[in-house]
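Okay, structure first, notes after.
The values are calculated or read from the model by the stated rules, or taken from the named source; none is laboratory data. All values reported here derive from a predicted model rather than from experimental measurement. Don't worry about glycine lacking a Cβ; one is built from the backbone with ideal geometry, like all the others, and counts go over all protein chains shown.
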């Protein structure tokens, strides 16, 4: 275990170094920089580059960034003029709220749907739920997210950007929750169907369980069988 953790930590350090180095290299290869904005005179651009440190050698820029990053000081955002650490904290909090909401919605949709489709063999509702889960699993999440955004933008029912009230979380929560809910539905349905098709097990005293208790499947969602009748 210690060796495994050491290898994973070393791999993480190498990955961070590779990603940050690649980002800096791509920024240097791209034409222009942040100071090359329309409307600025050449002297103003030079002063802005000097203020931001963009006129220094690439190795020095990376070294300064790495030295400050070790102390979690990521500098100031060029665009928002706000410390990057504050932006990261705000984004991480929003991401955590969104992830919890998506997981809760996926669980509330996927588990009951899987129990329903797994405990029934036929029916229009069963076919509709299975078809919907198959479609959601087959469509790439990017496409389904764009569909949700298009519907929200065309109808005007929900906001498609920004952070405000609970309505701003509806579209991104559904975009994250629907694929997870479809996967949970398939797994739960297979588990329930497998329990229903399992041969009855012998009970103590020579009696055998007759059939799977559907009420148990509905109440707990766990694959279990209980004796419903016995013969003497």
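Of the candidates 106, 69, the single residue that is at pLDDT below 85, in contact with a helix residue (DSSP H, G or I) (Cβ under 9 Å, 6 or more places away or on another chain) and assigned to a helix (DSSP H, G or I) is 69.
Against the definition (loosely packed, with under 12 Cβ neighbours inside 10 Å and either more than 38 Å from the chain's Cα centre (by Cα) or at pLDDT below 80 (or both)), how does residue 42 come out, yes or no? The answer is yes for residue 42. I'd like to verify a number: residues in region 136-146 that are surrounded by 12 or more Cβ atoms within 10 Å (Cβ to Cβ) and farther than 21 Å from residue 104 by Cα, how many? Here the count works out to 2.
For region 71-106, how many residues meet the condition of being touching a residue at least 40 places away in the same chain (Cβ under 8 Å) and over 14 Å from the mean Cα position of the chain (by Cα)? The total comes to 1. Condition (residue is part of a loop (DSSP other than H, G, I, E, B) and surrounded by 13 or more Cβ atoms within 10 Å (Cβ to Cβ)) applied to region 16-32: is it met by at least one residue? Looking for residues that are part of a loop (DSSP other than H, G, I, E, B) and surrounded by 13 or more Cβ atoms within 10 Å (Cβ to Cβ), one finds none in region 16-32, hence no. Here residue 187 meets each of (1) more than 18 Å from the chain's Cα centre (by Cα); (2) part of a helix (DSSP H, G or I); (3) free of Cβ contacts under 8 Å to residues at least 12 places away in the same chain; (4) surrounded by fewer than 16 Cβ atoms within 10 Å (Cβ to Cβ) with one exception, condition (3).
Residues that are within 30 Å of residue 193 (Cα to Cα), assigned by TED's automatic domain parsing to the domain that holds residue 163, assigned to a helix (DSSP H, G or I) and over 25 Å from the mean Cα position of the chain (by Cα): does region 109-116 have at least one?
Just the residues of region 109-116 that are within 30 Å of residue 193 (Cα to Cα), to begin with: 109-116.
Next, from what is left, pick out any that are assigned by TED's automatic domain parsing to the domain that holds residue 163: 109-116.
Okay, now just the ones that are also assigned to a helix (DSSP H, G or I), so 109-116.
From the residues that got through so far, the ones that are over 25 Å from the mean Cα position of the chain (by Cα) too are 116.
The answer is yes, given that some residue of region 109-116 is within 30 Å of residue 193 (Cα to Cα), assigned by TED's automatic domain parsing to the domain that holds residue 163, assigned to a helix (DSSP H, G or I) and over 25 Å from the mean Cα position of the chain (by Cα).
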